[in-house]
Protein chains: 2
Amino acid sequence: MIIVKGGVTAAKGFLANGVKAGIKPSGRKDLALLYSEVPAVAAGAFTTNRCKASPVKISRMNLNGKTHQAIIVNSGNANCANGKQGDTDAVEMARCAADFLNLDKRMVLVASTGIIGVKLPVNKIVRAMPKLLAGLGRDKAPDFAETIMTTDTRKKEFVVKVRMGSSVVTIGGACKGVGMLHPEMKTVKHATMLAFISTDASISKKMLEDALDEAMRDSFNMVSVDGDMSTNDSCFIMANGLAGNKRISAKEGDYGKFTAALKFMASEMAKMLAADGEGATKLIEIEVKGAKTADDARRVARKISTSNLLKCAIFGMDPNWGRIVASAGSSGVEFNIDRMDVYIGPVKALSNGAIAAAFNREKVRKFLKGKNVNITVDLKSGKSSARAWTCDFSKEYVAINSEYST
Amino acid sequence: MIIVKGGVTAAKGFLANGVKAGIKPSGRKDLALLYSEVPAVAAGAFTTNRCKASPVKISRMNLNGKTHQAIIVNSGNANCANGKQGDTDAVEMARCAADFLNLDKRMVLVASTGIIGVKLPVNKIVRAMPKLLAGLGRDKAPDFAETIMTTDTRKKEFVVKVRMGSSVVTIGGACKGVGMLHPEMKTVKHATMLAFISTDASISKKMLEDALDEAMRDSFNMVSVDGDMSTNDSCFIMANGLAGNKRISAKEGDYGKFTAALKFMASEMAKMLAADGEGATKLIEIEVKGAKTADDARRVARKISTSNLLKCAIFGMDPNWGRIVASAGSSGVEFNIDRMDVYIGPVKALSNGAIAAAFNREKVRKFLKGKNVNITVDLKSGKSSARAWTCDFSKEYVAINSEYST
């Protein structure tokens, strides 16, 4: 597996674009399209929030179809809590793209991100459609990545290439989302983070769904900025088969390789989201080891990643490891604190439930000055592990989120 | 039921005190005692955190005894994550108070609050004991309330009187806790908030436990400042029978009256905690109505009360009601968003899942300038309701918690 530069158009046969449709009050780019030149199988994972945005409902429905060829996305408006009108507007957004692309409307998926409770200006989307399509190109991946941004400060793209037999499969993607970020997505059998992944792998729809599910569990579903689950979280993947690899149609052969590559690139994208979290100055990685089950490890890591107190402490470079202990203990997972070890970076803080003999506050404080903070919790009660990502909690987060809708 | 001034010594036969023992680096009062002149029945509710502080373990154990007469409390040190030494120190703290008071050591309960992972300076507690006892008095309730404070900016006390037959029963209390505040306490059949309640009611230990359990569920367990559950949360109640009311020994007669009074005073204390939440500028009350069950109502209200995004919005007086919808939807409770109504203060924001026709941003903005913000969510799918309390999320919260241990 190798990492290369690029984004959603790195895989063969994918084109993209992003333009200004006038949805964002700032006047920035806000309408994007990802298009596969040939029909692709697609899978999606969506927020488990009870209040689902209209595009989530429509995309879930459309994913019942066999093949798909395009995803249309707007930023600046979540199209959520807009009642029946919202659903109508999401359908219209997909239909309009389908018309211009000469596709069945169910072959188009749709996503939105932005403010909740404001009617989607569909007329602006319709008007911008010719410009959006005219500019489609392989060189427009950066425009796509830029367009989907809301409070993000930078584009987020990632590409891996992996050899399968005599073919090389490419998986590329772009994502956004640095606030209202605590996705718990399920694939369509069942984030506002949005992720769009395109691959030229040849793979069945069923296997693509399973691979996405596996990859999601240890990547996007383990990132949190503020603990607030969105109504719009969506992760899409389209696979158009143009790499010419032997078709993956069962959990054997190259399925493992494909899933591992997908999980790796999704994890790297998840870290990008956390690192750019609203107001963030540091990326925090929490690794939980020695858990009885992988699910236990995920729950403890995830719980710690949502501790406001810990995130404030790390913002202040304060070696207050007690907050890690308190948070782990509130995860609902059973473990014995008297066996628990905690490390902040290279420094052991807790040893068998009490302060480590070698704990050195100054050493931790120095470590916490860096941009990347890793915390390790060893429960010493099993062999499972998991990682979660978050960012520190700064005054800037409060500033950003006390003025968002105004 | 009437509300009167006072604190933990308002009920007959209770004495208290609070002194400086040198545990807090600030040099403020940090060692307090609540004492009943006659043996009392007692009940306690404690954190469900897997990592329990030593005083929680010792108090839970001691509550197996039939009667109790004293509670000793220190602030400035949580005595948590101190291994076996922590347990030994908590036992020693109780034993020392028992010796001075000439009580069996199991008749003394113990509580701690402050930093995690620092050894409790028991020698300082032993040295301060004579002074603590010498000063015990009915007039020292304010000293008690002041001593238990950590990042609290003001004392929290509340007293109600309720007539039972020809007797008047008094229930008084003090509490603290404005950060790491998201208690989920269970009574000893099973917060760092601490609450100490004293009453002269005559009531059996079993009924006292049940009453505390009922009261807790809708009061302290519905308050959250930051979503971080403490290792030390504890709520104690002692009932010494000196009011001379007909003994409450079953769920009949005055049991309901007593429980209602307890629930009322505990709710008022819970509101005091939220209003003084770290960095808080506003008290937020969230009422959820029309839920299928009381538990559903509590879960939705509680979830909304932990939304960082909503709390930031209210700090910024931003009428961003979409965040209420998103948060309610992530509670895990099933409801139909298309029937959901949301009010911010007197202004209807959401009506049947879409923006209310009469919604007026400026009106909401004006309302949000007040100190008290009430939010109502009507799920219109049942008859149950619940209330939760929190505070807004300010830059000051981050400032306080990025510098706590340093």
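The values are calculated or read from the model by the stated rules, or taken from the named source; none is laboratory data. All of these numbers come straight from a predicted model, not from anything done at the bench. Cβ coordinates were reconstructed from backbone atoms using ideal geometry, including for glycine residues, and neighbour counts include every protein chain displayed.
Okay, here's what the table says:
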{"read-out": "Residue within the range B:40-48 that is in contact with a Cys (Cβ under 7 Å, 6 or more places away or on another chain) and within 18 Å of B:Ala174 (Cα to Cα) present", "value": "yes"}
{"read-out": "Residue match in the range A:171-181 (condition: within 21 Å of the chain's Cα centre (by Cα), away from chain B (no Cβ under 14 Å), surrounded by fewer than 21 Cβ atoms within 10 Å (Cβ to Cβ) and of a type in the set (Val, Ile, Thr))", "value": "no"}
{"read-out": "Some residue of the range A:160-170 being touching a Phe, Trp or Tyr at 6+ places or on another chain (Cβ under 9 Å), surrounded by fewer than 19 Cβ atoms within 10 Å (Cβ to Cβ) and basic (Lys, Arg)", "value": "no"}
{"read-out": "Scan of the range A:55-78 for residues that are within 19 Å of the chain's Cα centre (by Cα) and closer than 22 Å to A:Met180 by Cα, ordered by number", "value": "A:Pro55, A:Val56, A:Lys57, A:Ser59, A:Arg60, A:Ile72, A:Val73, A:Asn74, A:Ser75, A:Gly76, A:Asn77, A:Ala78"}
{"read-out": "Residue in the range B:356-375 that is modelled with pLDDT under 90, of a type in the set (Gly, Ala, Ser) and within 12 Å of B:Gly279 (Cβ to Cβ) present", "value": "no"}
{"read-out": "Number of the exception - A:Glu403 against (1) within 12 Å of another protein chain (Cβ to nearest Cβ); (2) outside any helix (DSSP H, G or I); (3) under 24 Å from A:Arg217 (Cβ atoms)", "value": "(3)"}
{"read-out": "Residue match in the range B:131-151 (condition: modelled with pLDDT of 95 or more, part of a loop (DSSP other than H, G, I, E, B) and not aliphatic (A, V, I, L, M))", "value": "yes"}
{"read-out": "B:Lys206 being surrounded by fewer than 23 Cβ atoms within 10 Å (Cβ to Cβ), over 16 Å from the mean Cα position of the chain (by Cα), farther than 27 Å from B:Lys52 by Cβ and assigned by TED's automatic domain parsing to the domain that holds B:Ile116", "value": "no"}
{"read-out": "Test: residue in the range A:154-163 that is farther than 30 Å from A:Tyr397 by Cβ, over 24 Å from the mean Cα position of the chain (by Cα) and more than 14 Å from every other protein chain (Cβ to nearest Cβ)", "value": "yes"}
{"read-out": "Among residues of the range A:115-138, those that are buried (at least 16 other Cβ atoms within 10 Å of the Cβ) and within 14 Å of chain B (Cβ to nearest Cβ), counted", "value": "5"}
{"read-out": "Selection within the range B:1-12 - surrounded by fewer than 24 Cβ atoms within 10 Å (Cβ to Cβ) and in contact with a Leu (Cβ under 8 Å, 6 or more places away or on another chain)", "value": "B:Lys12"}
{"read-out": "Strands (runs of 3 or more DSSP E) fully within the range A:341-387 counting 1 or more residues that are more than 10 Å from chain B (Cβ to nearest Cβ) and surrounded by fewer than 17 Cβ atoms within 10 Å (Cβ to Cβ)", "value": "A:372-378"}
{"read-out": "Boolean, B:Val178 is modelled with pLDDT of 95 or more, among the β-branched types (Val, Ile, Thr), at negative phi and not in a helix (DSSP H, G or I)", "value": "no"}
{"read-out": "Residue within the range A:37-56 that is among the aliphatic types (A, V, I, L, M), closer than 30 Å to B:Arg339 by Cα and out of contact with any helix residue (DSSP H, G or I) (no Cβ under 6 Å at 6 or more places or on another chain) present", "value": "yes"}
{"read-out": "A:Ala291 in contact with a strand residue (DSSP E or B) (Cβ under 6 Å, 6 or more places away or on another chain), small (Gly, Ala, Ser) and assigned by TED's automatic domain parsing to the domain that holds A:Asp392", "value": "yes"}
{"read-out": "Selection status of B:Asp213, under 23 Å from B:Pro55 (Cβ atoms) and surrounded by fewer than 24 Cβ atoms within 10 Å (Cβ to Cβ)", "value": "yes"}
